[in-house]
Amino acid sequence: MKILISIDDTDNLESCGTGELATQISQTIAEQGWGTCSYITRHQLLVHPDVPYTSHNSAMCFEATIDADKLGAIIDWSSQFLANNSAEGSDPGLCVAVVDALADVEALIAYGQRAKLEVLNKTLAYQMAVENGLHLSEHGGTGQGVIGALAGIGLRLGGMDGRLKGKVAFSGDRVTFMAEELKDHPWIDAVETEEGVAVSDSAQVMLMDKVKVVRLRHQAVLLVEQNEQGQWQTLTRQKLKKY
């Protein structure tokens, strides 16, 4: 079965980030033979004085393909892991969704979008979880992280939000690749402009800054633009901030 796992609000300014804990959960699922996991996406939520957060207020989510009988073990282990490893003063939340069992995907997507624009509460989060048969749990502090954890599920389901955690690395010192070569990377499904226009496989693309990939139309997309000389190059970190 396919599941989504999302966590939020696990860190403080001195600790490792929520993305690192998501990575450790993903790695453990693979190491224990419970399933195989995808890349992790970071989803930016509302930054507002009424929303407690460490620095960016972002949830982390990834997909896993597992045997059905491993679901309970994954939830139990992840719950204990967050309880033991989330930072002092954090309010960690965990959400696990069985994708094919969701009752109202569109409602979950809408909830995720609301979390980017509105101050939401735990009552609504738990109501949405019950209606869709999701696992949603608190693992310290106020447990406010359940709001963002659920939002991470919704935004991942929508397929039009998030930036892949980590930078895309290529061996060697090359900085220019054909688009076709870039798509051979397991984290890159498409090379496109911000307008959604795919560049030709033979196009030469120069890699700028730290190469980051975003999630659009349920694909991992490397965004590019033409510079003043007409050469394709990846978007700068500054331009990628909105994703």
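Quick look at the values:
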item: Residue list for region 203-228, given a label point 7 angstrom along the Cα-to-Cβ vector of E180 and an amide N cut-off under 16 Å; result: 203-205
item: Net charge of Cβ neighbours under 14 Å - reference M128; Lys, Arg +1; Asp, Glu -1; result: -2
item: Distance in nm between pseudo-label sites at D104 and E195 (7 Å out along the Cβ direction from Cα); result: 3.8
item: Amide H within-cut-off set for M208, under 5 Å, with H built and near neighbours excluded; result: T234
item: On Cα atoms only, tilt of 18-31 relative to the major axis of the chain in degrees; result: 90
item: Selection from Q24, V99, L207 lying farthest towards where the dipole of the chain points positive, charges on Cβ; result: L207
item: Cα-based helix-to-principal-axis angle, 122-132 vs the chain, degrees rounded to 10; result: 80
item: Rounded percent of accessible protein surface that carbon and sulfur make up, the chain, 1.4 Å probe; result: 48
item: Square roots of five times the Cα gyration tensor eigenvalues for the chain, Å; result: 32, 19, 17
item: For A149, net neighbour charge (Lys/Arg +1, Asp/Glu -1) across residues whose Cβ lies under 10 Å away; result: -3
item: Tilt relative to the chain, helix 105-115 - C-alpha long axis, 0 to 90 degrees, to 10; result: 80
item: Gaussian network model of the chain, springs between alpha carbon atoms under 10 Å - residue of G93, G19, G33 with greatest fluctuation; result: G33
item: Average projection area in nm² (convex hull over Cα atoms of region 110-187, one quarter of hull surface); result: 8.0
item: Where GluC sites (Glu not before Pro) in DSSP loops with at most 16 other Cβ within 10 Å are excluded, longest remaining stretch of the chain; result: 119-193
item: The chain - charge dipole about Cα centre, Lys and Arg +1 at Cβ, Asp and Glu -1, debye rounded to 20; result: 360
item: Above-threshold pairs, the threshold being 32 Å between Cα atoms, out of K2/K241; K122/K165; K70/K210; K122/K210; K183/K241; result: K70/K210; K122/K210
item: Neighbourhood charge, 12 Å Cβ-Cβ cut-off, centred on W187 and excluding it, Lys, Arg +1 and Asp, Glu -1; result: +4
item: Kirkwood Rh, angstrom, region 152-205 [1 / mean 1/r, Cα pairs]; result: 12.9
item: Gain upon complete extension [N84, M206; 0.36 nm per residue less C-alpha separation]; result: 39.6 nm
item: Karplus (6.51, -1.76, 1.60) ³J(HN,Hα), θ = phi - 60°, over region 221-229, in Hz, Gly and Pro reported as x; result: 10, 8, 8, 9, 8, 8, 7, 4, 8
item: Over region 144-237, volume per residue of the alpha carbon convex hull, in Å³; result: 113
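The values are calculated or read from the model by the stated rules, or taken from the named source; none is laboratory data. Here the structure is a predicted model, which is why all the values come from computation and not from measurement. Neighbour counts are summed over all protein chains in view; Cβ atoms, including those assigned to glycine, are modelled from backbone coordinates with ideal geometry. Ligands, DNA and RNA are stripped out before the accessible areas are found, and what is left, the full protein with its side chains, is counted by its heavy atoms. Shrake-Rupley method; radii C 1.70, N 1.55, O 1.52, S 1.80 Å.
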